[in-house]
1. What is the set of long-range amide H partners of residue 51 at a cut-off below 5 Å, with H atoms built 1.01 Å from backbone N?
2. Order 202-209, 2-9 from most to least packed using the mean count of other Cβ atoms within 10 Å.
3. Could you compute the net charge surrounding residue 286? Neighbours are other residues with a C-beta less than 12 Å from the C-beta of residue 286; K and R count +1, D and E count -1.
4. Please report the relative contact order for the range 6-131, taking Cα pairs under 8 Å with a sequence separation of at least 6, and give it as a percent rounded to a whole number.
5. Percent relative contact order of the chain, based on C-alpha pairs within less than 8 angstrom and at least six residues apart?
6. Would you mind computing Rg(Cα) / (2.2 N^0.38 Å) for the chain, counting N as its residues?
7. Could you run the Karplus curve 6.51 cos²θ - 1.76 cosθ + 1.60 with θ = phi - 60° over the range 190-199 and give me ³J(HN,Hα) per residue in whole Hz, x for Gly and Pro?
8. Classify the range 179-292 from the C-alpha gyration tensor, please: rounded if a/c falls under 1.5, else prolate or oblate depending on whether a/b exceeds b/c.
Amino acid sequence: MTFRTLIQTTELHHLMQDPQADLVVFDVSFDLTDAAAGHRAHRASHLPGARYLHLDQDLAGAKTGRNGRHPLPERDAFIGKLASWGVGEQTQVVVYDQAGAMFAGRLWWMLRWAGHESVAVLDGGLAAWSAQGLPLAMGESAEPAGSRPSAPASLPSRPAAVTTLDREALLHNLSHPTRLVIDARSADRFRGENETLDPIGGRIPGARNRFFKDNLGPDGRFKPAKVLRAEWLAVTGGRAPQELVMQCGSGVTACHNLLAMAHAGLDGAALYPGSWSEWSAWPDAPVATGAA
């Protein structure tokens, strides 16, 4: 079985026991206010065989001051890194974090951007795994999650399974609207209040708000697919996914919304990778504030 959106703890544990499984597990735990916190947390406790990836160092490219806080890296270079981390054509990749998939969603999307669709997020993350009493490791991982030896793999470049829109396309969309922008940030940041991560508060004019944490239930797992589908259709007014663009502060939590939509059978929306941190960095950028 191939997992492409979510995988449950029991499913992953079973896969780890299969000596023939081509499996790679990544821990992308992170804290936007303390860039070293995620790696500390990984060393303290992680799934056996999970490799740690750092949001700033491994999942983002060089910043110019105008391309946002977490610009995408060069695609071919990222594909090369995936191969060096053991991801091959047939590899099942599983990603998780310790923040409700806030960062795992980014890597899930990036694997699909690289043309690799056999990737899933561990539903509930480390907390769900620990709650089941499943094995944990400490320190740096010395062995891969499965029984196969850790070695560089062959991962050819394939067409992206996702789409992106850039700043120019969204500027054009303001005067010739064909896409609805959905902002994944909290409601107060969407209104332009309590902005602590970017110099300017506000939102892209015409955007609607869907806080990424609303995709989760009280237990920290994603809501059932039917519930997510109904909620997303209400937010978007029933628009087709291809008419939607997801954004957030820096192109990270917007991927959480894309994951939730894919799990709900609404795959196909685009990502604005630069998001608010890029949009607001340009002089005279159109900005809206207050209630939508």
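1. The answer is 25, 26, 27.
2. Details: 202-209: 19.1, 2-9: 17.6.
Highest to lowest by the protection proxy: 202-209, 2-9.
3. +1
4. On the way: 174 pairs, mean separation 40.1, N = 126.
Normalised by residue count, the contact order of the range 6-131 is 32 percent.
5. Details: 607 pairs, mean separation 67.3, N = 292.
About 23 percent, as a whole number.
6. Numbers: Rg = 18.5 Å, N = 292, 2.2 N^0.38 = 19.0 Å.
Rounded to two decimals, the normalised Rg is 0.97.
7. 4, 7, x, 9, 6, 6, 10, 9, 10, x
8. Details: a/c = 2.00, a/b = 1.61, b/c = 1.24.
Verdict is prolate for the range 179-292.
Only the coordinates and a few stated rules stand behind these numbers; no lab work does. For clarity, every value in this text was computed on a predicted model and none was experimentally measured. Please note: Cβ atoms are built from the backbone with ideal geometry, for glycine as well, and neighbour counts cover all protein chains shown.
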